[in-house]
Amino acid sequence: MKQLMFVGTGKLAWHEVPEPELQAPRDALVRPLAVARCDLDSAFFRRPLGRALQLGLASHMVDPVVCDIADDPPYAPPIPIGHECVAEVLELGREVSHVRVGERVVVPFQVACGHCPTCARGVTSRCTAGALSVNNFGFGPGAHVHGGVMTDIVRVPFADAMLVPVPDGVDTVAVASASDNLPDAYRAVAGPLRERPGASVLVVGGNAKSVGLYAAAIAKALGASEVDYCDVDDERLAIAQHVGARPVQGRRARWSRAFRSLGRRYTISVDASSDVQGRGLELALRSLEPGGVCTSVGIYPRARTPVPLMQMYVDGITLRTGITNARALIPRVLSLVAEGRLDPAPVTTLLATWSDAQRALLAQTTKVVVAR
Ligand SMILES: [Zn+2]
Ligand SMILES: [Zn+2]
């Protein structure tokens, strides 16, 4: 069968790989129907991110822990790609009972057993059942064990714990990102809005391109009183408006100017800028009212990233970060969509056919979904 591989900056290629087989009674084989490009994919497919991180590691500018996620050396080709998909169940090991053959399922991007002490605490991003500390499809060390989902058949370990059926009536393409970017956005606003119902929300958009927009849409769905979306990208600002947020044109150079254009403070903020110098993070933190909470979904590979601790101290600001624990949140995202409260579809700016995937997944646009 064919697997789409990252073979160098700006280059993807189909490679012939062996078809996977069931290896354990808890395995499933699935066929990806719709694959979404994660915001992180977009970064390493199109820019020489691996090279930049390698140079940063050599000069001690980059935190070596980055290799847990990005592999060592980081993003070195070839990498079997794809880690967000809705798939059809093809075959089940004899101990799998929660899903059936033919069912549509979301495949979480993190391989997690659901039973180890870490999974039991809900930290499915760091399941200890495998040999790796971070165990994903489609990038990082896990890609060489589990492959990517931009292929014909994927073996999913721990299928009962992993696979989440897609409710009837929910469009396959609309929830193709439910493996990763949608639950990542959900955690950034759902918890804070549960603690502060009806609060105002600021999303600082940027390199976590779709996550910021999903966060704005989910904040609206969960009853935020106001949702402002600040970014420098016109395409994303237009989508933000479409999903019900107020678009605010950002300023690339200085957080203080962007802060002035916002002209107010918020109870909840989301940093989706993933701006390596931390300017978007600073904006998200300094824009909070006293007692506010900021969730950063950004990845900051530098050994040190500036954080305005003095203002956070004075105003009692909480900063949350960390890899999302996708599996636990996927059913909640699917429920919002099934109930008609959330429509992720407007965030998809390019819907491509399977035969066009090699080209489409490199497109300079917000969100790509490839579907059969
Ligand atoms: Zn991802
Ligand atoms: Zn586990």
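Elements of the type helices (runs of 4 or more DSSP H) sitting completely within the stretch 263-339 and holding at least 1 residues that are under 15 Å from Asn181 (Cα atoms): these cover 326-338. Just so you know, in the stretch 175-201 the residues that are more than 19 Å from the chain's Cα centre (by Cα) and not in a loop (DSSP other than H, G, I, E, B) include one that is surrounded by the fewest Cβ atoms within 10 Å (Cβ to Cβ), and it is Arg194.
Could you check, for the stretch 49-57, whether at least one of its residues is surrounded by fewer than 16 Cβ atoms within 10 Å (Cβ to Cβ), hydrophobic (A, V, I, L, M, F, W, C) and at pLDDT 95 or above?
Restricting attention to the stretch 49-57, the residues satisfying the condition of being surrounded by fewer than 16 Cβ atoms within 10 Å (Cβ to Cβ) are 51, 55.
If we keep only those that are hydrophobic (A, V, I, L, M, F, W, C) as well, we get 55.
Remaining after also requiring at pLDDT 95 or above: 55.
Yes, that holds for at least one residue.
Cβ-Cβ distances below 6 Å connect the following pairs, each with a first residue in the stretch 259-272 that is in contact (Cβ under 8 Å) with a residue 24 or more places away in the chain, a second residue that is of a type in the set (Val, Ile, Thr) and assigned to a loop (DSSP other than H, G, I, E, B), and a separation of six or more residues or different chains: Ala272/Val297. For the stretch 117-145, a residue qualifies if it is surrounded by 24 or more Cβ atoms within 10 Å (Cβ to Cβ), away from ligand 1 (no atom under 16 Å from the Cβ) and hydroxyl-bearing (Ser, Thr, Tyr), but none of them does.
Given the structure, is Val149 among the β-branched types (Val, Ile, Thr), in a loop (DSSP other than H, G, I, E, B) and either within 16 Å of ligand 2 (Cβ to nearest atom) or over 21 Å from Ser42 (Cβ atoms) (or both)? For Val149, the condition - among the β-branched types (Val, Ile, Thr), in a loop (DSSP other than H, G, I, E, B) and either within 16 Å of ligand 2 (Cβ to nearest atom) or over 21 Å from Ser42 (Cβ atoms) (or both) - is not met. Among residues of the stretch 80-106 that are assigned to a loop (DSSP other than H, G, I, E, B), none has a Cβ under 8 angstrom from a residue that is modelled with pLDDT under 95 and more than 16 Å from ligand 2 (Cβ to nearest atom) at a sequence gap of 6+ or on a separate chain.
Give the residues of the stretch 104-125 that are out of contact with any strand residue (DSSP E or B) (no Cβ under 8 Å at 6 or more places or on another chain) and more than 10 Å from ligand 2 (Cβ to nearest atom), sorted by residue number.
First, pick out the residues of the stretch 104-125 that are out of contact with any strand residue (DSSP E or B) (no Cβ under 8 Å at 6 or more places or on another chain): 112-123.
Residue satisfying the conditions is Gly122 alone.
Every test in (1) part of a helix (DSSP H, G or I); (2) more than 14 Å from Val243 (Cα to Cα); (3) out of contact with any His (no Cβ under 9 Å at 6 or more places or on another chain) is passed by Ala215 save one, and that test is (2).
Here is a yes/no grid of residues against (1) in the same structural domain as Leu29 (by TED's automatic domain parsing); (2) aliphatic (A, V, I, L, M); (3) closer than 23 Å to Ala24 by Cα:
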position	(1), (2), (3)
Val62	yes, yes, no
Val66	yes, yes, no
Asp71	yes, no, no
Pro74	yes, no, no
Ile79	yes, yes, no
Val89	yes, yes, yes
Arg94	yes, no, yes
His98	yes, no, yes
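The lone criterion from (1) in contact (Cβ under 8 Å) with a residue 40 or more places away in the chain; (2) part of a loop (DSSP other than H, G, I, E, B); (3) in contact with an Asp or Glu (Cβ under 9 Å, 6 or more places away or on another chain); (4) within 16 Å of ligand 2 (Cβ to nearest atom) left unmet by Leu132 is number (1).
Tell me the residue from Val101, Val66 that is hydrophobic (A, V, I, L, M, F, W, C), at pLDDT 95 or above and exposed (fewer than 14 other Cβ atoms within 10 Å of the Cβ), please.
Working: Val66 fails: exposed (fewer than 14 other Cβ atoms within 10 Å of the Cβ).
Exactly one residue qualifies, and that residue is Val101.
The values are calculated or read from the model by the stated rules, or taken from the named source; none is laboratory data. The structure presented is a predicted model; accordingly, all values stated were derived computationally and were not measured. Using ideal geometry, Cβ is built from the backbone for each residue, glycine included, and neighbour counts are taken over all protein chains shown.
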